[in-house]
1. Rank-order 186-194, 350-358 by packing density, defined as the average count of other C-beta atoms within 10 Å over each peptide's residues, highest first.
2. Could I have the simple spin-label model distance between residue 185 and residue 147, label points 7 Å from Cα toward Cβ, reported in nm to one decimal?
3. Could you order peptides 312-321, 269-278, 329-338 by the average number of other Cβ atoms within 10 Å of their residues, highest first?
4. How much length is gained if the chain between residue 286 and residue 310 is pulled fully straight, taking 0.36 nm per residue apart and subtracting their Cα-Cα distance, in nm to one decimal?
5. So what are the ³J(HN,Hα) numbers for segment 389-395, from phi and the Karplus equation (6.51, -1.76, 1.60; θ = phi - 60°), rounded to whole Hz, Gly and Pro as x?
6. Can you tell me which of 219-227, 363-371 comes out highest on packing, and rank the rest after it, using the mean Cβ neighbours within 10 Å?
Amino acid sequence: MIARLYRLLAIGSVSIPLLACMNSAPTSTEQNATVPLGIDLGGSGPVIASPRAEPPAKAIAPVGGRAMTGPVFTRRRLLGAAAATSALTLAPSPLRSALVAPARAPLLSGTEFQLEIAAAPINITGRQRTATAVNGSVPAPILRWREGDTVTLAVTNRLSEPSSIHWHGILVPNPMDGVPGLTFAGIPPGETFVYRFPVHQSGTYWYHSHSGFQEQTSLYGPLVIDPKGGYAQPFDRDYVVMLSDWTDTSPETIVSNLKFQSDYYNFQQRTVGTFFDDVAKNGLAATVSDRLMWGQMRMSPTDILDVSGATYTYLLNGQPPARNWTALFRPGERVRLRFINGSTMSIFDVRVDGLPMSIVQADGNEVVPVMVDEFRIGVAETYDVIVQPTADRAYTIFVQSEDRTGYARETLAPRAGMEAAIPPMDPRPLRTMTDYGDGYAARFYVGHVQYGGRRRGEETRGCCRCRQCRRDADRAAKPSRRRVSLRPARTHLR
Ligand SMILES: [Cu+2]
C-alpha cells in the first residue's frame, strides 16, 4: 500500500523528458541533438503492425559531394510498403506476431509536413505492446529539411492524452519549441498544432515527444538538415543510424522503481565472491578500505547505467540485433553514417568492426575530421562519421551499451543478405573514484529521461568531500596536458 502510494507520488505530474531537457540546456532550445538520414536514408523499421499511409514523400534530392546513387524513397515505394504492411494487419495474429518485417521509417522531405501521433502495436521481444508512433512509424519518419527554408509541420494528436513534439537542437522561436508548460500548452487529444519556423542551421538532429513517457514508448525520429552551401566532406551514401532502447515494462513502472531504489535494475552488484577475489588480488586491508569508502559514499562501482540490457532491448533504426538492419555500399565509396542516440537513458560505445571512422560532425556542428576506432555517444547526442570500406565484404556496426549488458548492430554490406561476425562485447567496466569525480556531473544530466538532476549548487567535480574526491577535484582544476582533445570523455582514440 505504502509502496503503491509512493509510486503514485513518485511518478508525479512532471514530464520526465522535460526535466532532462531543462537540465541539459539553459535555454528552451536544446543544443545537443542527434538525427540520421541519408541517401538511402535508410531508416529503420520497427515492427509496427498497422502503419497508416503517409503524406506524400518527395524523392530525396542528392546531397553531399558526389552524386548519390543509392535507392531513393519515392511516393510509389512508400505506398507499396504501406500496402504490404496493411496486408500484414489483416493476417491472423500468430502470423502477425511472427512477422517482424524490416520496414523502413519513411523519409519526408520538403517544407510542408503532416504528422499524426497515434498508438500503434509493436512487437520487439515477441510480445505485443503499444508504441507511440508518428504516421504509423517507429522510429518516427525521417524529416529532411534544407537550411534557409521555412518549414510548416501540422502535428495531429490521436492519442487519448496530451502530446507534443520538441525539435531537439533546433533554433526556433520560443512558441515553436514544443515543450508543454514552458513554451506552449501541448497538443490536446484530437487537436492539431501547426509549427512553422525558418531553418537557420544544418546538420543531424532529432525530434521527440516532450509529454509524459511518450519518448520511451517510441515517439522519436531523425531530423536531417542539408546545408545551403553543400557539405564540406564529400560522400556517396548517407544513412541514418538511430539508436534507442525498448522495454516491454511500462516506463511509469521503471521510473517508480528507480525512485524507490536507485539500483533497482543493477544486477551486477559486487558480492562476497568478488570481495574474496579482490582480497586475493589487492590484500585484505586495501579491499576493506575500498569497500568502506564506497559504503561511506553510498555508491557502487558497478553503477554504470540505471537500466541495463537485462531490461532493455537495444534498437538500431528500430530493429533489435537479430533483425540485422543492413546498409549497402560499393567498395571504395564514402559512406556517411548519422548516429543519433534517441534512447531514453542508454549510453553507447560505437564502432564499425574493422573500419576507422572519420567524425565530421557532432551535435549538428561540423568539426575538423577526427579519425577514431570507437566513440561514445550519450543520450540525445548525434555524431556524423564517414567510413570508406574498400573490401568486398560485410562489416558489423557494433553498438555496445556502456555497461556491456547488450548491444545493437547493423551490417554494412555490398549486397543484401550478407552478414559479418559480431564481435564479443568488451569487458564490463567498473567505476573508480576518479570516474565519479569527472563523470558524476555528466551522469546527472546525460540521461535524456532522467529522474533527478544535478542538485543545485553542487560542484561539477567531486562527488563528495571525501579525501579521494577532493584530490581528484584539485587535479582536475589544474591544466593537464592530457586534456587536449575536443571531447576527451567521449572520443576514444586507440
Ligand atoms: Cu530533447
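1. Ranking the peptides 186-194, 350-358 by packing returns 350-358, 186-194.
2. So the two model labels end up 3.7 nm from each other.
3. 312-321, 329-338, 269-278
4. Values: separation 24, 0.36 × 24 = 8.64 nm, distance 3.17 nm.
Extra length available between residue 286 and residue 310 comes to 5.5 nm.
5. Per-residue couplings from phi come out as x, 9, 7, 8, 8, 8, 10 Hz.
6. 219-227, 363-371
The numbers here are math on the coordinates, done by the rules we state, and not lab data. Because the structure is predicted, anything quoted here is derived from the model rather than measured. So basically every Cβ, Gly included, is an ideal-geometry build from the backbone, and we count neighbours across all protein chains shown.
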